[in-house]
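Report on one structure; see the data block that follows.
Only the coordinates and a few stated rules stand behind these numbers; no lab work does. As the structure is a prediction and not an experimental result, all values here were calculated from the model. With ideal geometry, Cβ positions are generated from the backbone for all residues, glycine too; neighbour counts draw on all protein chains shown.
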Amino acid sequence: MPDKFDAKKLDLFRKLLLSIKAQINGDIRSMANESEGDQNDKGDLSGHAMHMADVATDMYDREFNLTLASNDREILQKVNAALARIDKGSYGFCLKTGKRIPDQRLKAIPYAEYSLEVQEEMDRKGEK
């Protein structure tokens with residue numbers, strides 16, 4: 001493979017990826033704790049039924065948090081895959097073309113799997 005990263009640069013990207021991983025894990029734990037807290041606060045001590053708008057808001061919040069958690073898990077999988085590529089020595093190369101992904105792209109999205117051109121083409125075609 002052409003233009004492999006030197007150890008110093010790989011270490012920089014590894015630290016960046018581990019930082020993202022820690023942040024996402026913290027976000028997921030935080031959402032889980034919020035959800036648990038919300039479930040424990042459901043008891044209405046006044047004896048009155050919850051207002052329908054409150055129920056709708058709670059349902060929306062729950063769905064929103066589930067969507068965020070799902071997105072976080074997807075990014076977490078990509079981060080773990082990028083860390084594995086660092087260990088294998090294939091980090092920073094487009095999975096489709098094998099060409100090196102520019103440093104600017106990796107600094108912006110350290111778990112990028114494809115070059116910008118390939119990613120844009122895949123997005124246009126609706127590929128994942």
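What distance in nm separates the two pseudo spin-label positions at Asp123 and Phe64, each 7 Å out from Cα along the beta-carbon direction?
2.5 nm
With each run of n ≥ 4 DSSP H residues scored as -39500 (n - 2.57), what mean residue ellipticity at 222 nm is computed for the chain after dividing by its residue count and rounding to the nearest 500 deg cm²/dmol? Intermediate values should be presented prior to the final figure.
Details: 4 runs with 87 residues, N = 128.
Result for the chain: -23500 deg cm²/dmol, rounded to the nearest 500.
Taking each full run of DSSP H in the chain as one helix, which ones are at least 15 Å long along their axis (Cα atoms) and have mean Kyte-Doolittle hydropathy of at least -1.0? Show your work: numbers first, answer last.
Working: long enough: 7-40 (49 Å, -0.59); 52-88 (54 Å, -0.36).
Helices passing the filter in the chain: 7-40, 52-88.
Quick check on the chain: take the gyration tensor over C-alpha atoms, sort the square-rooted eigenvalues as a ≥ b ≥ c, and tell me if it's rounded (a/c under 1.5), prolate or oblate.
Numbers: a/c = 4.82, a/b = 2.39, b/c = 2.02.
Here the chain falls in the prolate category.
Looking at this model, which pairs from Lys15/Lys107; Lys15/Lys78; Lys96/Lys125; Lys9/Lys88; Lys4/Lys125; Lys9/Lys96 are more than 18 angstrom apart at the alpha-carbon? Mind showing how you got there, number by number?
Details: Lys15/Lys107 12 Å; Lys15/Lys78 15 Å; Lys96/Lys125 15 Å; Lys9/Lys88 15 Å; Lys4/Lys125 30 Å; Lys9/Lys96 23 Å.
Over 18 Å apart, Cα to Cα: Lys4/Lys125; Lys9/Lys96.
From Cα pairs below 8 angstrom and at least 6 apart in sequence, can you work out the relative contact order of the chain, rounded to a whole percent?
Details: 73 pairs, mean separation 36.9, N = 128.
In percent, rounded to a whole number, it is 29.
For a quick check: with amide H placed at 1.01 Å from N, whose amide H comes under 5 Å from Phe93's, ignoring anything fewer than 5 positions away on the same chain?
Here Ile101 satisfy the definition.
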